[in-house]
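Data first, discussion second: the structure below is written as structure tokens.
The values are calculated or read from the model by the stated rules, or taken from the named source; none is laboratory data. Note that the structure is predicted; figures quoted are calculated from it, not measured. Reconstructed Cβ throughout: ideal geometry from the backbone, glycine too, with neighbour counts over all protein chains shown. The area values use the complete protein model at the heavy-atom level, side chains included, leaving out ligands, DNA and RNA. Shrake-Rupley method; radii C 1.70, N 1.55, O 1.52, S 1.80 Å.
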Amino acid sequence: MLDRRAHTVYRIDAKQTTVTQVLQIGFEEGRVLEPGVLAVSRDDIFAVADAPNGLERIQYFNLKGLFLGGFYLPGRLAPRVSAGSLVLNGVGSMHFTGRTFLANRPDTGALISEFDLQGRELRRIGLPRATGHEADTALHRALNTGMPLADPAGGFFFVFQTGVPAFRKYDAAGTLLYERHIEGVELDAQIQRLPTEWPTQTGPGGTLRPMVEPLVRTAAVDPSGKLWISLTAPFTYVYNAAGDKVRTVQFRGAGVVSPTSLAFGKGESILVTPGCYEFSTK
């Protein structure tokens, strides 16, 4: 479990009775500072993306917090899209397959950048979508912000989090298979209110960047290959491998939960934060 505010990672036992701190705050190797996301591979290796001194970094560890490796990504952190305290782009979008890392870096001219365990860029997957704002480079990139996700059955999903909500499916070679719009009565009003112009705000170093609000908060792929997409509204849509919506889910803990992360455990369970709730996927 990643505590972003405390810059700390904890391990919780299966019975959820014992909490052990495995990583502490710090800019040094093996510590985390301004972390954006935590991802766990099927081999029980976890990775944390953070940004010490404004530099994007990925590190990975065993379950006891032993440092196994890490690297910095080229360039400095310049967040374009955020939802509350969550940075959605750059290393904030990091997905760990166990062998490679996926990140959304639309400034490279692609939706997905894939890196090996040493930080070497292996390939770029998917062209950014047309936005009608190509002349405004920062806005065009912000409207191509999203989450790259590996499909256990092979290939990749990319979920757009800003602009008109949609997702794409690519095969293992990076070829586009299909694109689907994310639609539902829960989204209708928000889509109708999508602006055609976006104001700007001052970012790091005094630069201006567009204020683009996401409509999708997080997403994940379950072991059977279904894509779960959680909206900024408190609903989650579930899509099958063909890209058809098969369920609409609302999580309830102490109250209605708007997920900031989804993770699938062994068996038919899903872990949802905030709150670290466990639900059945049935």
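Scoring residue 212 on the criteria (1) part of a loop (DSSP other than H, G, I, E, B); (2) open to solvent by 40 Å² or more (accessible area, probe 1.4 Å); (3) more than 17 Å from residue 151 (Cβ to Cβ) leaves a single failure, condition (2).
Applying the condition of being of a type in the set (Val, Ile, Thr) and under 15 Å from residue 143 (Cα atoms) to the stretch 183-207 and asking which residue is modelled with the highest pLDDT yields 191. Beta carbons closer than 8 Å, at least 6 apart along the sequence or on distinct chains, pair a first residue in the stretch 251-276 that is at positive phi and small (Gly, Ala, Ser) with a second that is assigned to a loop (DSSP other than H, G, I, E, B) and open to solvent by less than 50 Å² (accessible area, probe 1.4 Å) for 275/253. Here the stretch 230-282 is the region considered, the condition is being within 23 Å of residue 154 (Cβ to Cβ) and of a type in the set (Gly, Ala, Ser), and the residue that is surrounded by the most Cβ atoms within 10 Å (Cβ to Cβ) is 263.
Residue 148 meets the conditions (1) buried (at least 22 other Cβ atoms within 10 Å of the Cβ); (2) assigned to a loop (DSSP other than H, G, I, E, B); (3) not β-branched (Val, Ile, Thr) in every case but one. The failed one is (2).
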